[in-house]
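The values are calculated or read from the model by the stated rules, or taken from the named source; none is laboratory data. As the structure is a computational prediction, the values presented were derived from the model and not from experiment. Positions of Cβ are backbone-derived with ideal geometry, glycine not excepted, and every protein chain shown enters the neighbour counts.
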Amino acid sequence: MRFGCTGNFNKASFYTIIEKLEVFFKKNNFELMLDKKIPYDSSSLTKYDLSTIANESDLLITIGGDGTILSTIRELGDKKIPIFGIHIGGLGFLTQTNSENCLDSLNEILQNRFSTVDRMLLKTVVDGKNKQSFYALNDIVIDHGNSPRILETNISISNTHLNKYKSDGIIICTPLGSTAYSLSAGGPIITPWLDVISLTPICPHSLSARPILLPSDDTVLIQFNEEQIGMKITIDGQISFEIDYTTKITVSKSKNMARFIKLDDSDYFLTLRSKMGWSGNVR
């Protein structure tokens, strides 16, 4: 079994984990293929570009937070290598373990006490001055950007008009992304194995404009009917650029999926309670 590794090497704690992994894999006689972008040199580690790691390793370890996983999946494109996230930093819903427990978790993997799960990606086509395509694991956000004006969006679902929203913006997210920006905007928490797409207006002008869940085989079309300026689209909180009122945006479920490692003893609802800070007696 060959393991790849990448991550947020700008954090000091990243190198502490790399050192632990180096010793662990050397002791267990497994190769650790390190992303060549990482400024860490060792005679026992070999460096490769991420594409080679994805093609030749069995599992990709990411060290960082949710943002690290989001950027890694985008860089991988259609390469479906299982991802195992070791968490450092702030809130992390997508990672599977932390720096204190990572070696125990890796032992679980070596003992084959894990499975893989596929999670939805959204494909976004931005048809404006230039036609561009993007993939999102969490969400796509369209908002009024620097403009002080309310944003008016015409939303159609699979060629059927849904609503004309007057709001600060629109969030379209996957189940995995439902605990991110959408949740802060009043959207529902969606268990990640459900096959749905969520649409949530941001601070809508009308109280009747509520979040809606859509079947994953629907296509969402967003259009603008007024000459508004300063609008922008943001993909997974990492890619952001301005659009104009002539732009048409379509969002649909991608044929590609993101694949994650799921340890046999992992519990989604336990993780949810912990991350959300929920409490109370269990009877």
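Considering C173, C203, which residue is under 28 Å from I261 (Cβ atoms) and not hydroxyl-bearing (S, T, Y)? Being under 28 Å from I261 (Cβ atoms) and not hydroxyl-bearing (S, T, Y) holds for just one of C173, C203, which is C173. Taking region 181-191 as the range and being touching a residue at least 40 places away in the same chain (Cβ under 8 Å) and either buried (at least 18 other Cβ atoms within 10 Å of the Cβ) or hydrophobic (A, V, I, L, M, F, W, C) (or both) as the test, the residues that pass are Y181, S182, I189. Within region 155-177, the set of residues being closer than 12 Å to T250 by Cα and over 19 Å from the mean Cα position of the chain (by Cα) comprises I155, S156, I157, S158, N159. In this structure, is K80 of a type in the set (K, R) and closer than 11 Å to G4 by Cα? Criteria not met by K80. Sub-8 Å Cβ pairs linking a first residue in region 95-112 that is in contact (Cβ under 8 Å) with a residue 12 or more places away in the chain to a second residue that is assigned to a loop (DSSP other than H, G, I, E, B) and among the polar types (S, T, N, Q), at least 6 apart or interchain, are Q96/S266; S105/Q96; L110/N28, ordered by first then second residue.
Restricting attention to region 236-254, the residues being crowded, with 18+ Cβ neighbours inside 10 Å, within 15 Å of the chain's Cα centre (by Cα) and over 10 Å from K123 (Cα atoms) number 1. Listed by position, the strands (runs of 3 or more DSSP E) enclosed by region 36-121 include none that has at least 3 residues that are in contact with a Lys or Arg (Cβ under 8 Å, 6 or more places away or on another chain) and crowded, with 18+ Cβ neighbours inside 10 Å. I'd like the full set of residues that are of a type in the set (S, T, Y) and either part of a loop (DSSP other than H, G, I, E, B) or in contact (Cβ under 8 Å) with a residue 40 or more places away in the chain (or both), limited to region 199-214. If the condition is that a residue be of a type in the set (S, T, Y) and either part of a loop (DSSP other than H, G, I, E, B) or in contact (Cβ under 8 Å) with a residue 40 or more places away in the chain (or both), then S206, S208 are the ones that fit. For region 89-104, the criterion of a residue being aliphatic (A, V, I, L, M), in the same structural domain as N55 (by TED's automatic domain parsing) and more than 15 Å from the chain's Cα centre (by Cα) is satisfied by at least one position.
Here is a yes/no grid of residues against (1) in the same structural domain as I142 (by TED's automatic domain parsing); (2) modelled with pLDDT of 95 or more; (3) part of a loop (DSSP other than H, G, I, E, B):
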residue	(1), (2), (3)
I233	yes, yes, no
S240	yes, yes, no
T250	yes, yes, no
R259	no, yes, no
S266	no, no, yes
F269	no, no, no
S274	no, no, no
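Residue-by-condition table, conditions (1) surrounded by fewer than 21 Cβ atoms within 10 Å (Cβ to Cβ); (2) in contact (Cβ under 8 Å) with a residue 24 or more places away in the chain; (3) touching an Asp or Glu at 6+ places or on another chain (Cβ under 6 Å):
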position: A136; (1), (2), (3): no, yes, yes
position: V141; (1), (2), (3): no, yes, no
position: N146; (1), (2), (3): yes, yes, no
position: E152; (1), (2), (3): yes, yes, yes
position: T160; (1), (2), (3): yes, no, no
position: C173; (1), (2), (3): no, yes, yes
position: T179; (1), (2), (3): no, yes, no
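Let's see how each residue does on (1) among the basic types (K, R); (2) closer than 20 Å to G237 by Cβ; (3) at pLDDT 95 or above:
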position: S115; (1), (2), (3): no, no, yes
position: G128; (1), (2), (3): no, no, no
position: I140; (1), (2), (3): no, yes, yes
position: H144; (1), (2), (3): no, yes, no
position: I150; (1), (2), (3): no, no, no
position: T160; (1), (2), (3): no, no, yes
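T191 satisfies every condition listed in (1) under 17 Å from the mean Cα position of the chain (by Cα); (2) at pLDDT below 95 except (2). Can D41 be described as in contact (Cβ under 8 Å) with a residue 12 or more places away in the chain and not assigned by TED's automatic domain parsing to the domain that holds T234? Taking the combined requirement at face value, the residue does not satisfy it. For region 1-35, the set of residues classified as of a type in the set (A, V, I, L, M) and outside any loop (DSSP other than H, G, I, E, B) consists of A12, I17, I18, L21, V23, L32, M33, L34, listed by residue number.
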